[in-house]
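Single-structure report; data block below.
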Amino acid sequence: MALKAIRAGSRNETGIDTAKAQLAARFGDRFQTGEAIRAQHAHTTTYIPAQLPDGVVFPESADEVREIVAIAAASAVPLIPFGTGSSLEGHVNAPNGGISVDMMRMNRVLEVNAEDLDCRVEPGITREELNTYLRDTGLFFPIDPGANASIGGMASTRASGTNAVRYGTMKDNVLALTVVAADGREIRTAHRARKSSAGYDLTRLFVGAEGTLGIITSITLRLQGIPEVISGGVCPFPTIADACNAVILTIQSGIPVARIELLDALQMRACNTYSGLSYEETPTLFVEFHGNSESVEMQSRHFAEIAADFGSSGFIWTTNPEERARLWKARHNAYWAQKSLIPGAAILSTDVCVPISRLADCVAATHEDIAANGLTAPIVGHAGDGNFHVGLLFDDTDAADVARAEAFVERLNARALSMDGTCTGEHGIGQGKMPFLEAELGDALDLMRQVKRSLDPQGIFNPGKIFA
């Protein structure tokens with residue numbers, strides 16, 4: 001990442017003024033232009049500078065989204081879809097100005113088809129709200145990126161998270177979408193059938209498009225049955241390589257682990273301090289198994305045997321819901337625990353993903369890089385699918401410290417790509433990872449640009465993201 005990649009684009013001042021007037025007339029107090037609310041709808045989660053929109057509109061239906069798109073298209077004004085704002089790579093910035101489209105009032109569950117294990121929801125509902133709604137059906141939506149993100153935002157960034165090793169990512173769990181396109185039509189990408197050979201896979205085209213091709217108005221999701229028994233626990237290791245190698249053998253052995261999260265020693269120290277825990281401050285795996293009492297006991301026992309082979313001092317596990325909730329609450333608070341290590345420091349949260357067989361190599365080399373350069377950068381990862389995150393703390397007012405931080409991120413991404421990995425397993429590209437996407441995919445970006453120009457000829461949907 002380099003701050004020079006985060007630049008402002010050209011502004012259509014006349015068009016923006018026209019669109020603002022029309023939106024104010026149509027939506028009244030559901031269109032806001034105050035600086036405070038515009039600042040809340042720009043990037044706020046890492047050190048990428050905020051680029052504020054010129055206004056924020058709050059639609060309450062798909063028809064209203066169509067009206068907003070029509071107004072924006074008529075004046076060639078950018079639209080930036082907004083969920084909870086928890087993305088980490090500048091996705092919600094407005095480098096060309098324009099209008100932030102806050103989808104959080106579109107938060108209804110439209111239908112639940114319990115017999116078919118699916119549901120259809122509006123984009124503004126969060127994953128926690130959806131699972132609360134589903135609880136009485138015996139079903140749940142398994143994708144858990146940590147933050148209580150909106151389902152629309154999760155689809156747009158192709159999110160995954162702690163459960164991905166068992167349940168997959170958003171691309172595996174979105175069956176269909178409705179999307180408002182640049183010409184104002186609301187299209188449906190698929191029906192509810194579990195498989196289809198009907199034409200291009202438009203669902204996968206929009207999942208992960210980061211709002212650059214249209215605005216999602218509904219999502220049809222695959223659901224899962226709530227497991228009869230869930231066991232979870234912690235497993236400390238002497239070295240980061242030992243922990244990674246235990247993950248690799250667990251996956252290669254076919255043990256159906258639901259979650260397997262890696263935290264290095266510094267991250268464990270941060271979690272202990274921030275969440276009031278008392279775990280060993282060594283590289284640690286947080287593990288969870290889903291099934292019945294027999295299966296989770298057998299899986300836990302097999303994992304404990306593998307962990308012992310790599311020097312673990314013991315796998316402590318429980319099926320007690322309160323104890324498990326406390327454990328995973330600490331894991332989900334990892335970002336805030338990282339920030340607490342150096343109060344007042346900026347944080348650059350970044351991720352890469354490599355083939356599972358290269359996880360130990362990549363994490364160990366990254367650890368050595370951190371130590372050699374005197375950086376404070378705890379590591380936490382969704383180790384079961386080769387994805388890990390680094391939370392780099394630094395002084396963003398010190399040019400030399402910023403340069404060190406950015407050089408580290410460049411080395412991290414180059415390392416992952418050299419191992420046939422990717423510059424992002426789940427954060428997405430946004431603004432922050434644009435330089436690395438070109439290194440990863442090369443000429444394929446030209447094809448992406450052609451798709452973008454075809455579907456959004458005026459470039460009104462979230463401009464300045466994914467590629468320049």
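The values are calculated or read from the model by the stated rules, or taken from the named source; none is laboratory data. Note that the structure is predicted; figures quoted are calculated from it, not measured. So basically every Cβ, Gly included, is an ideal-geometry build from the backbone, and we count neighbours across all protein chains shown. Note: areas computed on protein heavy atoms with side chains; ligands, DNA, RNA excluded. Shrake-Rupley method; radii C 1.70, N 1.55, O 1.52, S 1.80 Å.
Data overview
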{"quantity": "Length released on extending from residue 368 to residue 308, taking residue separation times 0.36 nm less the Cα-Cα span", "calculated": "19.1 nm"}
{"quantity": "Amide H contacts under 5 Å for residue 461, placed H, 5+ residues apart", "calculated": "79"}
{"quantity": "Amide H contacts of residue 316 (H built 1.01 Å from N, under 5 Å, at least 5 apart or other chain)", "calculated": "234"}
{"quantity": "³J(HN,Hα), Karplus 6.51/-1.76/1.60, whole Hz, each residue of the stretch 453-468, x for Gly, Pro", "calculated": "5, 5, 8, 9, x, 8, x, 8, 8, 6, x, x, 10, 6, 8, 6"}
{"quantity": "Translational diffusion of the stretch 129-249, µm² s⁻¹ [Kirkwood Rh, Cα pairs; Stokes-Einstein; 37 °C; 0.692 mPa s]", "calculated": "200"}
{"quantity": "Accessible surface of the chain, 1.4 Å probe, proportion on carbon and sulfur as whole %", "calculated": "50"}
{"quantity": "Kirkwood hydrodynamic radius (C-alpha pairs) into Stokes-Einstein, the stretch 64-146, 20 °C and 1.002 mPa s, D in µm²/s", "calculated": "144"}
{"quantity": "Rounded to whole Å, sorted largest first: equivalent-ellipsoid semi-axes of the stretch 189-243, Cα gyration tensor", "calculated": "37, 19, 12"}
{"quantity": "Fraction in percent of alpha-carbon pairs per bin - 10 Å, the stretch 250-303", "calculated": "23, 40, 30, 7"}
{"quantity": "Coordinate range along principal axes, alpha carbons of the stretch 309-468, Å, largest first", "calculated": "57, 40, 30"}
{"quantity": "Surface accessible to a 1.4 Å probe, per residue, for the residues of the chain, Å²", "calculated": "40"}
{"quantity": "Long-range amide H partners of residue 258 with built H, under 5 Å", "calculated": "288, 289, 290"}
{"quantity": "Under Karplus coefficients 6.51, -1.76 and 1.60, residue-wise ³J(HN,Hα) of the stretch 182-195 in Hz, glycine/proline x", "calculated": "5, 8, x, 6, 9, 9, 10, 7, 5, 9, 8, 4, 6, 8"}
{"quantity": "DSSP-defined beta bridges in the stretch 1-144 - what % are antiparallel, rounded to 5", "calculated": "45"}
{"quantity": "Potential extension, residue 115-residue 193 segment - 0.36 nm per residue separation minus Cα distance", "calculated": "26.8 nm"}
{"quantity": "log₁₀ of I(q)/I(0) at q = 0.07, 0.08 Å⁻¹ - the chain, Debye sum with one point per alpha carbon", "calculated": "-0.36, -0.47"}
{"quantity": "Label-zone membership for the stretch 71-88, site residue 131, 7 angstrom Cα→C-beta point, backbone N under 19 Å", "calculated": "84-87"}
{"quantity": "Whole-Hz couplings from phi, Karplus 6.51/-1.76/1.60, listed for the stretch 94-109; x for Gly and Pro", "calculated": "10, x, 9, x, x, 10, 7, 9, 7, 8, 6, 7, 9, 10, 8, 8"}
{"quantity": "Helical contribution to [θ] at 222 nm, DSSP H n ≥ 4, -39,500 (n - 2.57), averaged over the chain, rounded to 500", "calculated": "-11500 deg cm²/dmol"}
{"quantity": "Around residue 201: net Lys/Arg minus Asp/Glu count, Cβ-Cβ under 13 Å", "calculated": "+2"}
{"quantity": "Residues residue 185 and residue 21, FRET efficiency given R0 of 25 Å [Cβ-Cβ distance, rounded to 0.05]", "calculated": "0.50"}
{"quantity": "Accessible surface, 1.4 Å probe, highest first, among residues 279, 167, 200, 274", "calculated": "200, 274, 279, 167"}
{"quantity": "Accessible area in the full protein assembly, largest first, 1.4 Å probe, for 339, 329, 195, 171", "calculated": "195, 329, 171, 339"}
